[in-house]
Structure formats: C-alpha cells, structure tokens
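To start, the structure itself, in structure tokens.
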Amino acid sequence: MVLLHPVRGLPASITPELVAGLCDRVVSSTSDTSTTIAVFTGEPYADLPRSTPDDVVRAVEHARKAQSAWAATDIGERLAVLRRFHRLVLRRQDLVLDLIQAETGKARRHAFEESLEPALTAGYYLRKGTRTLRPRRREGMVPGFVRTVELRQPKGVVGIISPWNYPFALGISDTLPALLAGNAVVFKPDTQTALSPLYGVELLYEAGLPEGVLQPVLGEGPVVGTAVVENVDYVGFTGSTRTGRDVARRAGARLVGCSLELGGKNPMIVLEDADLDRAAELAVPAAFANSGQVCMCTERLYVHAAVYERFLSRFLERVAALRQANRYDFAADVGSLTSARQLEAVSRHVADAKAKGATVLAGGRARPDLGPFCYEPTVLADVTEDMLCAADETFGPVVSVYPVSGEEEAITLANTGDYGLNASVFTGDTARGRRVAARLRVGMVSVNDAFIAGYGSMDSPMGGMGQSGLGRRHGAEGLLKYTEAQTVAVQRLALFPPPSWVPYRPFGKLMKGLIGVLRRARVR
Ligand code: NAD
C-alpha cells in the first residue's frame, strides 16, 4: 500500500501518492501486504495489498454486476474507451517506462518496446473489432425459409492472469479485447510486477471504462490465481507450461474455456545463403532482448556448417559490444534479470552445461558489480542432450549454437522437444524461408527476423503448439476467444415440422427431393 522511501535511484516520477492510488484499485479486505523490490538495487520498493480467495469471489461478483450494462453498450462506446486509452498510453509513456523498469529491471529500450504493445493492440482492434464482432449471416437450413445469423456474445467475467516478464504489455493487451467483446475482467498480474499493469488499469478507467468492469486482484499464484480460475467464465493465462497445465485442469473440471500462452525453447535457423551480417545483427535481440526473459527468445541457434564460423565471429563480435547496465535511460542494451530466482535458474543451467563439457564462447557469469541480478549475455557451444539448457527453457540470456549439415538437419533439430512457440529462419531466398517455415511445428515463424515481424503482425494469430499452449492472441481469434458463438435461426414459413393437415408420406418425399436439390445447389 505504500512506497518504501527512500529507494536508491528510483525515478522521481514514482511517488508514494501514485503507488497508493494504484493500490487502491486492488480488491483486498486484509492488511496483509507483499513487498516488491526495485530490481536495479534489490531494495524493498513498495508494499502492495494482497487479496484473499474471498476477495476474488467479491471481485467476480462486482465484475458480474457491472458486466451486463457494459455488454449492453453500443460497440462504438467500447471502442471510444480503447481510443482514449491508446492516446493516454502514448502520452504517459515516460511514466510507464519508469514503472516497468523499476519492477522488472529491463533495459529502457525493452521497456519502450513493451509499452507500445497495448497501444498497438488497441489500434488494431479499433480498426478490426467492429467487423470481427458483428453478426454474420449464415446459410439457413433451407435458404429462403430459414434465416440464420451467428452472434458473438461475451463470455461474462474473464480472468486474465499474467507473468512478470512483460507485465504491462501482456496483462493489459490481453485485457483489451476481452473488454471490447463486452466482458468484465478480473485481472491478476504477478505481485513483483504489479504496478505497471495497475497503472494500465488506471489509464483504462481514465479513458472512461465504467466503474467495476475491470477488477484487479493481487497475491500468490497458487492461492489467488487459483481462485480466479475457480470463479470466472473464461481464463486468459500467460505463464509457464507447468502452471498452464494446472489452469487447464481446473478450467476443464468446471467446463470453462481457457487460452494458454506458455513457454518455449525457440530455434533460429541460419541457412548457407543467409545474409550473415543481418542474421548476426538480429540474433542478438533474438537471444538477449529483456535479458532473454521473453517467451519468444531464441535459445537454440542452428547454423549451416558452411557458414558457421563466419556467422559465429560476426555474432560474437556483436555480443561483446553489448552495453549492460542498470540505468533508467537508453544508454544500456541489456539490463538485469528480474529476480533472484531467475538468476539462480540461469546460473544453474550454465554451471550444469559447463560441468558437462559445454564451451562458453561469451559471458557465462553473473555480474553483481552491475546489479544484484545481472547476468552476462552468454553463448554456449558443444551443448549435448544431457545438459539442462539443451531442452528445458532457460528464460535468460543464454543461447546455444550448433553447426548443422543442411536444411533437413536444421528442420529436424528445430522440431525436437516438447515446445512449439516461435522460430526464425534466415535465408537469402524468401520462398525457401516460407517452405522451411511451413515444416516447423511452431505457432509463429519470422523469416529474416527474430520475432518482431511475426509478433507485430497483429492481424495474424500468435500462440504456441505442443507444450507452448492452447489458443491464440492477436487477430480475430484473439478477440473471438472471449465470446460465445450463438446461432439465431428464424423460420419464416412454418414448414418444419409440417402442419398437421399435411400427410407425412408426401411431405417426406418432398423433403428428400429438396435435400438433393440443396446438395447440388450448395456444391455449385
Ligand atoms: P508462472 O506460471 O509461474 O506465473 C504466471 C502467472 O500465473 C503469475 O501471475 C502467477 O502468480 C500465476 N500463477 C502461479 N501459479 C498459479 C496457479 N496455480 N493458478 C493460477 N495462477 C497461477 O510463470 P512466470 O514464471 O511468471 O512466467 C514465465 C513463463 O511465462 C515462461 O515460461 C515464459 O515462457 C512464459 N511466457 C509465455 C508467454 C507467451 O505468450 N507464450 C509470454 C510471456 C511469458
């Protein structure tokens, strides 16, 4: 509930009044708090309220009350909220960046990219939302006699549960289409990274969202997150595969739907005809954006043997030039990991790889001199299947490089493992890039790019295959998943069943004939 002052180096924009105002929105009936840290220094940053499972029940009740009026508004009114929100996010961007950096420890350039996503999402649904949600004429049972329309009804109360790595972008961007579809939302961000998404909630209310339609709750995932899943009508979850399974099991038991955006172990393929400078240039953000804490980050780099050495020298040169620092300005290319837990996980993967014979080509160590959770961008070679970092998601600044004999081997290796989130292919031949992409078992492939091209293509669905998830965000699917399809069919002539004075045998004959005619008509 309070900002713990003074926190060394915290931007002046983050005031106790701001923090208190954001926390006021949280549905919480206890005096229990959890302390978050300012990641750059590791010092306690703010005490945030905690919700109980009963608070979640209350939040869902309040949201349900507000939802029917919200769903009854004209879509134009809902779009107007998104339009004003879009403007506000861009206008208040500096504060958004300060909040994101303080609680995640990422470099300002990565906070900048994160801050744009809700604006992009709002902009996309402002353009496409009305058309996607509008009633659609469907072929009636007997055209002319039955007139059928497909409507899209809101689910009711949607639960959005989001992780700490892109707290502002993921939480708010997934909330926007749920609201546009006429739902109310109960929103649970991660506790360490709650203030930037709570500011997003504040901006939505400032943009004119009616009171009660968006209810934030805070607390431990296994307690408060579980309570959200147990009470809402649909769950939009982003997080680890392990938690995703639990969410799916609980949602399944209640027969409510869920979408799951989960982990990845993403491959990049560099073919022998690739522009090596471009591939090396883009492999850097692919592997090290947000210190590798991006679900789409490249953790496996398969390079054609014919260009392996040339690619590697270009890549390592660029990795060596990265500026790592904990600063609230744009001078750093790489910032910090977000938590001690993440630092421990990354250190464990690299130590295990080293102990089992991997070669460290760059990095490979923590940098406590830069900040308590800083870890150097790390490139490993000679990684073998028995190493933790071979198949498990590291979720840190660690990429393994492998030479491959050609396209076939690259595809086979890229398709190994349980995940299927994202991949990239570098080639001088775009048609070849498309052919390789079609053979990869992942939800998204960027050709001659890391992941921005794919992720930023908002009109196309984004999500994972295999253990990387169920369902999609972005595009029509990212909006329609928050709706129930409802068929409304009007019989214009009382033909079925036939009126009582019509003998059934000739009616049956007529029907048989009609079905034949319809089949032929529909084939044409
Ligand atoms: P996590 O699964 O530990 O937590 C995610 C969210 O779920 C948090 O808000 C947490 O409090 C909550 N939670 C925890 N246990 C819960 C439970 N039993 N029931 C309901 N909610 C619960 O994940 P994380 O460590 O915060 O995030 C990192 C993971 O997220 C990585 O695996 C990363 O790849 C993945 N991720 C995926 C995407 C994507 O779009 N596919 C995007 C970002 C992150």
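The values are calculated or read from the model by the stated rules, or taken from the named source; none is laboratory data. Values in this document were obtained by computation on a predicted structure and should not be read as measured data. All Cβ positions, even for glycine, are placed from backbone atoms using ideal geometry, and neighbour counts span all protein chains on display.
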Residue within the range 179-192 that is touching a Lys or Arg at 6+ places or on another chain (Cβ under 9 Å) and either near the ligand (Cβ under 9 Å from one of its atoms) or under 30 Å from L514 (Cβ atoms) (or both) present: yes
In the range 268-293, the residues that are among the aliphatic types (A, V, I, L, M) and in a helix (DSSP H, G or I): L276, A279, A280, L282, A283, V284, A286, A287, A289
A450 being in contact with a strand residue (DSSP E or B) (Cβ under 7 Å, 6 or more places away or on another chain), modelled with pLDDT of 95 or more and either at positive phi or crowded, with 19+ Cβ neighbours inside 10 Å (or both): no
Candidates M387, M465, M458, filtered to the one that is closer than 23 Å to T241 by Cα, surrounded by fewer than 24 Cβ atoms within 10 Å (Cβ to Cβ) and under 16 Å from the mean Cα position of the chain (by Cα): M465
Verdict on A102 being more than 16 Å from the ligand (Cβ to nearest atom), closer than 21 Å to G236 by Cβ and either assigned to a helix (DSSP H, G or I) or in contact with a helix residue (DSSP H, G or I) (Cβ under 7 Å, 6 or more places away or on another chain) (or both): no
Search result, residues across the range 309-343 that are part of a helix (DSSP H, G or I) and closer than 17 Å to V284 by Cβ: R310, F311, L312, S313, R314, F315, L316, E317, R318, V319, A320
Filter result (among the β-branched types (V, I, T) and within 10 Å of the ligand (Cβ to nearest atom)) within the range 230-260: V235, T238, T241, T243, V247
Qualifying positions in the range 362-395 - in contact (Cβ under 8 Å) with a residue 60 or more places away in the chain and in contact with a helix residue (DSSP H, G or I) (Cβ under 7 Å, 6 or more places away or on another chain): F373, Y375, P377, V379, C389, T394, F395
Selection within the range 168-190 - touching a strand residue (DSSP E or B) at 6+ places or on another chain (Cβ under 7 Å) and under 22 Å from R131 (Cα atoms): D174, T175, A178, L179, A181, G182, N183, A184
Pair list, Cβ < 6 Å and 6+ apart or interchain, from the range 289-304 residues that are more than 16 Å from S446 (Cα to Cα) to residues that are basic (K, R): N290/K106
Scan of the range 213-229 for residues that are near the ligand (Cβ under 7 Å from one of its atoms) and not hydroxyl-bearing (S, T, Y), ordered by number: E220, G221, P222, G225, V228, V229
Which listed residue, of V334, V319, V284, V303, is away from the ligand (no atom under 13 Å from the Cβ), farther than 26 Å from S115 by Cα and not polar (S, T, N, Q): V303
Answer from G212, G208, G236 - the residue that is small (G, A, S) and surrounded by 24 or more Cβ atoms within 10 Å (Cβ to Cβ): G236
Residue check for Y302: part of a strand (DSSP E or B) and either at pLDDT below 95 or over 13 Å from L380 (Cβ atoms) (or both): yes
Filter result (of a type in the set (V, I, T) and over 15 Å from K188 (Cβ atoms)) within the range 227-267: T241, V256
Where a residue in the range 149-170 is among the acidic types (D, E) and its partner, wherever it lies, is more than 9 Å from the ligand (Cβ to nearest atom), with Cβ under 6 Å and at least six apart: E150/R136; E150/R138; E150/A485; E150/T487
Selection status of V149, assigned to a loop (DSSP other than H, G, I, E, B) and β-branched (V, I, T): no
Count of residues meeting criterion [among the charged types (D, E, K, R) and either in contact (Cβ under 8 Å) with a residue 40 or more places away in the chain or surrounded by 15 or more Cβ atoms within 10 Å (Cβ to Cβ) (or both)] in the range 396-438: 5
Filtered residue count, the range 127-167, keeping only those that are touching a strand residue (DSSP E or B) at 6+ places or on another chain (Cβ under 6 Å), within 16 Å of the ligand (Cβ to nearest atom) and of a type in the set (S, T, Y): 1
Test: residue in the range 479-494 that is surrounded by 19 or more Cβ atoms within 10 Å (Cβ to Cβ), within 15 Å of the ligand (Cβ to nearest atom) and farther than 30 Å from A280 by Cα: yes
Residue ID - surrounded by the fewest Cβ atoms within 10 Å (Cβ to Cβ), chosen from residues in the range 86-99 that are assigned to a helix (DSSP H, G or I) and not aliphatic (A, V, I, L, M): R91
